[in-house]
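Peer 1: Have a look at the structure that comes next, please.
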Amino acid sequence: MGFSNTIYNSIFKRTSTMALAIVASAFFFERTFDLATETFFDKYNEGKLWKHIKDKYE
Amino acid sequence: MAATVGRICGVGLLKPSNLTTISQKSSYSTAKDWTWGKKALLGSLGLVAGGTGAILFALDQSVKASDLELHPPKNIWSHTGLFSAFDHASIRRGYEVYKQVCAACHSMRFIAYRNLVGVSHTELEAKAEAEEQMVEDGPDDQGNMFKRPGKLSDYFPSPYPNEEAARAANNGAYPPDLSYIVSARHGGEDYIFALLTGYCDAPAGVVLREGQYYNPYFPGGAISMAQALYNEVIEYQDGTPPTASQIAKDVSTFLKWTAEPEHDDRKKMLIKAIGIFTFLIATCYYIKKLKFSSLKTRKIEFRPKE
């Protein structure tokens, strides 16, 4: 019971900490999610995007 | 009605195994106390709307064999596919083709030099491209218009000052603005490619007027644009062999980009949408199961007083 109790008491019990937790986790989730999809997109389109060919022209 | 359903599906359908859920559901229905007239009216409205949709769909799907027009074959482009981005090297070559061939007759009024930055050209290159054009600006403090070299914010120059001048120079045919041409034609970039590479001799019996050429992909067959692309009609900066089909493919890709500049972002968005909705659907499914577990395992008993 230890871990979930600690989480409940320190975060989920009070609205203030709960809201803060939502904002903070949304921030980290969005960053990692964007990074993951973008990496996939760049790998999938390797060599076709402008960022892959631009060093030829700079 | 019940008898028919029973005959077709067996009695199983008519005997719900979970009576409590069914009776709870029926008390949510809002159509229960509608009059017969209202139900009939809404029912027929639904039928008419659905039927119209089905007819429109069927008409669109039907074989269009009424006219002598060749439909372009579907090609596999480098950007064909759910997640496939544009080939930006091809967009860059396509811009060279547009500038050196098509721009002699076709305007592209909705594309500015700044749009090239980060897509096919660096900022310095796009500036240099813009500065090659002289653009009318003004008025100055004397009230006169003057010419200045182009800036990044300038739109591509038009070959003719207005439609009348364009028609006068092209036997009365108007070379359309190419900015959104891919979205404006059935078949999109496949059509552009087929049109540019599809010129041939007119078959016997087809009469072409002065200044017309035969192209089976053009509706009607008689087009006022002469064949523009031949092998080695231009030379590519990056050394790609300039065969006619290569040039046509590059300019079609370029025109696809000008018509749908948001194309790459859209496909990236699709990946994100698939990811986030998979997550959300899984969560919704779990929550639904959780919330319904208490409802579905509940037992309601009726004990009449003896």
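The values are calculated or read from the model by the stated rules, or taken from the named source; none is laboratory data. Nothing here was measured: the structure is a model prediction, and the numbers come from that model. Note that we place each Cβ from the backbone using ideal geometry, even for glycine, and neighbour counts take in every protein chain shown. Each accessible area value is taken on the protein alone, full model and side chains, heavy atoms only, with ligands, DNA and RNA left out. Shrake-Rupley method; radii C 1.70, N 1.55, O 1.52, S 1.80 Å.
Peer 1: For residues that are open to solvent by 70 Å² or more (accessible area, probe 1.4 Å), within 13 Å of another protein chain (Cβ to nearest Cβ) and of a type in the set (A, V, I, L, M, F, W, C), tally how many sit in region A:14-50.
Peer 2: Summing the residues that are open to solvent by 70 Å² or more (accessible area, probe 1.4 Å), within 13 Å of another protein chain (Cβ to nearest Cβ) and of a type in the set (A, V, I, L, M, F, W, C) in region A:14-50 gives 3.
Peer 1: Now, a different point. Looking at region B:278-303 only, could you name the residues that are within 14 Å of chain A (Cβ to nearest Cβ) and of a type outside the set (S, T, N, Q)? Steps first, answer last, please.
Peer 2: Initial filter on region B:278-303 (within 14 Å of chain A (Cβ to nearest Cβ)): B:278-280, B:283.
Passing the criteria: B:Phe279, B:Leu280.
Peer 1: Same structure, new question: Which condition breaks for B:Lys267 when tested against (1) within 14 Å of chain A (Cβ to nearest Cβ); (2) free of Cβ contacts under 8 Å to residues at least 40 places away in the same chain; (3) open to solvent by less than 60 Å² (accessible area, probe 1.4 Å)?
Peer 2: With (1) within 14 Å of chain A (Cβ to nearest Cβ); (2) free of Cβ contacts under 8 Å to residues at least 40 places away in the same chain; (3) open to solvent by less than 60 Å² (accessible area, probe 1.4 Å) applied to B:Lys267, the lone miss is (2).
Peer 1: So if I check each of A:Ile11, A:Ile53, which one is in contact with a helix residue (DSSP H, G or I) (Cβ under 6 Å, 6 or more places away or on another chain) and either facing chain B (nearest Cβ under 9 Å) or of a type in the set (Lys, Arg) (or both)? Give the steps one after another, and end with the answer.
Peer 2: Details: A:Ile11 fails: either facing chain B (nearest Cβ under 9 Å) or of a type in the set (Lys, Arg) (or both).
Going through A:Ile11, A:Ile53 in turn, just one is in contact with a helix residue (DSSP H, G or I) (Cβ under 6 Å, 6 or more places away or on another chain) and either facing chain B (nearest Cβ under 9 Å) or of a type in the set (Lys, Arg) (or both): A:Ile53.
Peer 1: Give the residue that is most open to solvent (accessible area, probe 1.4 Å), with candidates limited to residues of region B:171-207 that are in contact (Cβ under 8 Å) with a residue 12 or more places away in the chain and more than 24 Å from B:Phe254 (Cα to Cα).
Peer 2: B:Asp201
Peer 1: Given (1) surrounded by 12 or more Cβ atoms within 10 Å (Cβ to Cβ); (2) out of contact with any Asp or Glu (no Cβ under 9 Å at 6 or more places or on another chain), where does A:Tyr57 come up short, assuming only one miss?
Peer 2: Of (1) surrounded by 12 or more Cβ atoms within 10 Å (Cβ to Cβ); (2) out of contact with any Asp or Glu (no Cβ under 9 Å at 6 or more places or on another chain), only one is false for A:Tyr57: (2).
Peer 1: Just one of (1) open to solvent by less than 40 Å² (accessible area, probe 1.4 Å); (2) away from chain A (no Cβ under 14 Å); (3) over 30 Å from B:Tyr191 (Cα atoms) trips up B:Gly275, so point out which.
Peer 2: (2)
Peer 1: Here is a further query. Within region B:129-170, take every residue that is open to solvent by less than 90 Å² (accessible area, probe 1.4 Å) and among the acidic types (Asp, Glu) and give me the one that is farthest from B:Ala103 (Cα to Cα).
Peer 2: My answer is B:Asp140.
Peer 1: Test each condition in (1) in contact (Cβ under 8 Å) with a residue 12 or more places away in the chain; (2) exposed (fewer than 10 other Cβ atoms within 10 Å of the Cβ); (3) in a helix (DSSP H, G or I); (4) among the aliphatic types (A, V, I, L, M) for B:Ile247 and report the one that comes out false.
Peer 2: For B:Ile247, the failing item is (2).
Peer 1: Specify the residue that is most open to solvent (accessible area, probe 1.4 Å); the eligible residues are those in region B:78-121 that are out of contact with any Phe, Trp or Tyr (no Cβ under 9 Å at 6 or more places or on another chain) and closer than 29 Å to B:Ala222 by Cα.
Peer 2: Restricting to residues being out of contact with any Phe, Trp or Tyr (no Cβ under 9 Å at 6 or more places or on another chain) and closer than 29 Å to B:Ala222 by Cα, the top hit is B:Gln100.
Peer 1: If you take the residues in region B:200-241 that are assigned to a loop (DSSP other than H, G, I, E, B) and among the hydroxyl-bearing types (Ser, Thr, Tyr), which one is nearest to the chain's Cα centre (by Cα)?
Peer 2: First pass over region B:200-241, keeping only residues assigned to a loop (DSSP other than H, G, I, E, B): B:200-212, B:215-221, B:224-241.
Next cut, among the hydroxyl-bearing types (Ser, Thr, Tyr) only: B:217, B:224, B:230, B:236, B:240.
On the way: B:Tyr217: 20, B:Ser224: 26, B:Tyr230: 28, B:Tyr236: 29, B:Thr240: 29 Å.
The extreme case among them is B:Tyr217.
Peer 1: Would you mention how many residues in region B:295-306 are open to solvent by 80 Å² or more (accessible area, probe 1.4 Å) and either hydroxyl-bearing (Ser, Thr, Tyr) or not in a loop (DSSP other than H, G, I, E, B) (or both)?
Peer 2: So the answer is 2.
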